[in-house]
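The values are calculated or read from the model by the stated rules, or taken from the named source; none is laboratory data. Just so you know, these numbers come straight off a predicted model, no measurement behind them. When we count neighbours, we look across all protein chains shown, and the Cβ atoms used for this are built from the backbone with ideal geometry, even at glycine. Just so you know, the surface numbers come from the protein's heavy atoms only, side chains and all, with ligands and any DNA or RNA stripped out. Shrake-Rupley method; radii C 1.70, N 1.55, O 1.52, S 1.80 Å.
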Amino acid sequence: LKQSAIIGYLMAGVIVGPMLFNAQAVEQVAELGVALLLFSIGLEFSFSRLRQLGTIALIGGTAQVVITLGVYALVASVFMNTAAAVVLGAMVALSSTAVVLRVLVDRSSIDSVHGRNALGILLMQDIAVVPLVLLVTIMTQGGGSQAIAAHITKTLVGASLLVIAFYFLFYRITPKILMSRGVFANRELVVMLAIISALGSIWSAHALGLSPALGAFLAGILLAESPFAAQIRSDIVGIRTLVVTLFFTSVGMLADPLWFVQHLHWVAIGLVLVVVGKTVIIYAIARALKFGPVQALATGLTLAQIGEFSFVLASTAQQGHLLGANQFALVVSVTIVSMFLAPYMVTYAEVWALWLVRRLFPSRLPPADPLSPKDGTRGGNILIIGFGPAGQRVAQTLIARDLRPLVIELNPRSARQAQALELPVHIGDATNSEVLEHAGIHSVCAVVVTLPDPATSRNVIANLKAIVPEVPIIVRARYHRLADDLKKAGATVIVDEELTLGEALDQKLQA
């Protein structure tokens, strides 16, 4: 059905979860999944990335979260108490990062105008998850203004202590360990260190009486500035996938199929209110930021669903008895249906936006092509994988031509040489998709693979072809007999070392 795997996890929980799993045990593991999700978000966070996305991220994303939360909370307060209304507004404010980005990347629309707008707003939504979780947690504890103020003070003090401790750990101690001879080359040690960093930050926050999600997020942000961030993120992806799967399965187990059928009319009304309301709000924000009507409307349609992190808020609110049984069933049902429709809305966002603008606002349609520019061209970056002597020579040639390539290197010592040339470096294993994605593989126009090991080169090529099949790949073949294998793997140009050496020797002899 071309759906996100999240839909599969939810449906598995709805259909077979109660028969196969202990709900309480799954719920406890699922809490760990939420914290690891936020750890991953922290690893992705970057102020430089925010600046690159422009005003749509910082201003547009912030405005979207605040306005959406306020509007829906105000409307919902007519039908429910204030706390429940705020929870509902916070849930609706978030869209599905997992579904939207996957479809945009698959359709090569991530660099379109509405794709960049959606990316910027989604980034701010992800950052907003932590304060929203803290807000819902505070409301579940009840009490007067003094109790709330005390809880906020405790959270701020505890967070400050965590930041100080994590700073010395992740900025002073961890880099020295990873840079030491033999450690980074031992993959088992690095994987263990990544997992301990993630789980240790969660345990530390819990030990201080803070939200584990907050501790995980703070640790992720501090590690994001480390050159090892991409590799750490890829190393924890296995355990994160396991516990996140259990989290969404646990949400599905809370859904009630019978209630859904009996209250289908309320689910349909809720779905319409979410889709139309979020589209209008995001359209208005994008127009205020001077985007054209078609791009603004396409951005709104792309984000007009409720996202996976809304389940975190719903689960927290349900455990704190902020939401009644019917309210919880309604928001979960609307969220699942909206996520099910999301891939189709993202796919046809531009087409529907153009159709609507032509009929509703024909005078606002510009005479030129109103759709986002998609000329099939890619970014101008060149990626070098492997920064040994061969990679360094390639970089020097590119720098002499006023080009500054991206670099992926597994060896921290070689990475230092790239940093000395002021090149953007990602320390990690290029056979891992997470590392390539983090390095910005979708923005490159060519890849140069200079790795000496032919087996590793084949794996890297296979990984590249799976993610960006159209990108030219120039690869080093250490032995002539292995050139055909690299060609079959998908290399565009092969530099055969033995033939090149033979030609060089021939020229020397003739001279």
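In this structure, does ASP429 turn out to be among the charged types (D, E, K, R) and in a helix (DSSP H, G or I)?
Details: among the charged types (D, E, K, R): yes; in a helix (DSSP H, G or I): no.
Criteria not met by ASP429.
Which residue, of ALA420, ALA415, is more than 20 Å from ALA491 (Cβ to Cβ) and open to solvent by less than 20 Å² (accessible area, probe 1.4 Å)?
Going through ALA420, ALA415 in turn, the sole match is ALA415.
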Only residues that are free of Cβ contacts under 8 Å to residues at least 40 places away in the same chain and part of a helix (DSSP H, G or I): list them for the stretch 76-123, please. ALA76, THR82, ALA85, GLY89, ALA93, LEU101, ASP106
Total residues in the stretch 243-287, condition without any contact (Cβ under 8 Å) to a residue 60 or more places away in the chain and more than 18 Å from SER95 (Cβ to Cβ): 8
Quick one: what pairs do we get from the stretch 1-15, first residue in contact (Cβ under 8 Å) with a residue 24 or more places away in the chain and farther than 18 Å from VAL103 by Cβ, second of a type in the set (Phe, Trp, Tyr) and in a helix (DSSP H, G or I), C-beta under 8 Å, 6+ apart or different chains? GLY13/PHE248
Scan the stretch 114-129 residue by residue and report those that are open to solvent by less than 10 Å² (accessible area, probe 1.4 Å) and under 16 Å from ALA213 (Cβ atoms). GLN125, VAL129
Determine whether ILE306 is part of a loop (DSSP other than H, G, I, E, B) and either closer than 16 Å to GLN125 by Cα or in contact with a strand residue (DSSP E or B) (Cβ under 7 Å, 6 or more places away or on another chain) (or both). yes
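So that you can scan it fast, the table gives a plain yes or no per residue for (1) more than 30 Å from ALA325 (Cα to Cα); (2) outside any helix (DSSP H, G or I); (3) open to solvent by 20 Å² or more (accessible area, probe 1.4 Å):
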position	(1), (2), (3)
ARG240	no, no, yes
SER250	no, no, no
VAL261	no, no, yes
ARG287	yes, no, yes
PHE291	yes, yes, yes
Checking SER145, SER180 in turn, the sole residue that is open to solvent by 70 Å² or more (accessible area, probe 1.4 Å), modelled with pLDDT under 75, hydroxyl-bearing (Ser, Thr, Tyr) and more than 27 Å from the chain's Cα centre (by Cα) turns out to be SER145
Out of (1) open to solvent by 40 Å² or more (accessible area, probe 1.4 Å); (2) part of a helix (DSSP H, G or I); (3) of a type in the set (Gly, Ala, Ser), what's the single condition that is false for GLY209? (2)
Go through (1) assigned to a helix (DSSP H, G or I); (2) touching a residue at least 12 places away in the same chain (Cβ under 8 Å); (3) in contact with a strand residue (DSSP E or B) (Cβ under 7 Å, 6 or more places away or on another chain) and name the single condition VAL495 misses. (1)
Residue in the stretch 369-390 that is in a helix (DSSP H, G or I) and either modelled with pLDDT under 80 or open to solvent by less than 60 Å² (accessible area, probe 1.4 Å) (or both) present: yes
Considering the stretch 309-344, residues that are of a type in the set (Gly, Ala, Ser) and either farther than 21 Å from LEU38 by Cα or not in a helix (DSSP H, G or I) (or both), and then whichever is nearest to the chain's Cα centre (by Cα), we arrive at ALA342
Would you check which residues across the stretch 424-434 are open to solvent by less than 20 Å² (accessible area, probe 1.4 Å) and either over 18 Å from the mean Cα position of the chain (by Cα) or under 14 Å from ALA462 (Cα atoms) (or both) and list them? ILE427, ALA430
Just one of the numbered conditions (1) in contact (Cβ under 8 Å) with a residue 24 or more places away in the chain; (2) surrounded by fewer than 21 Cβ atoms within 10 Å (Cβ to Cβ); (3) touching a strand residue (DSSP E or B) at 6+ places or on another chain (Cβ under 8 Å) is not true of LEU410; which one? (2)
Can you tell me which residue is nearest to LEU223 (Cα to Cα) among those in the stretch 435-488 that are touching a Pro at 6+ places or on another chain (Cβ under 9 Å) and assigned to a loop (DSSP other than H, G, I, E, B)? ALA439
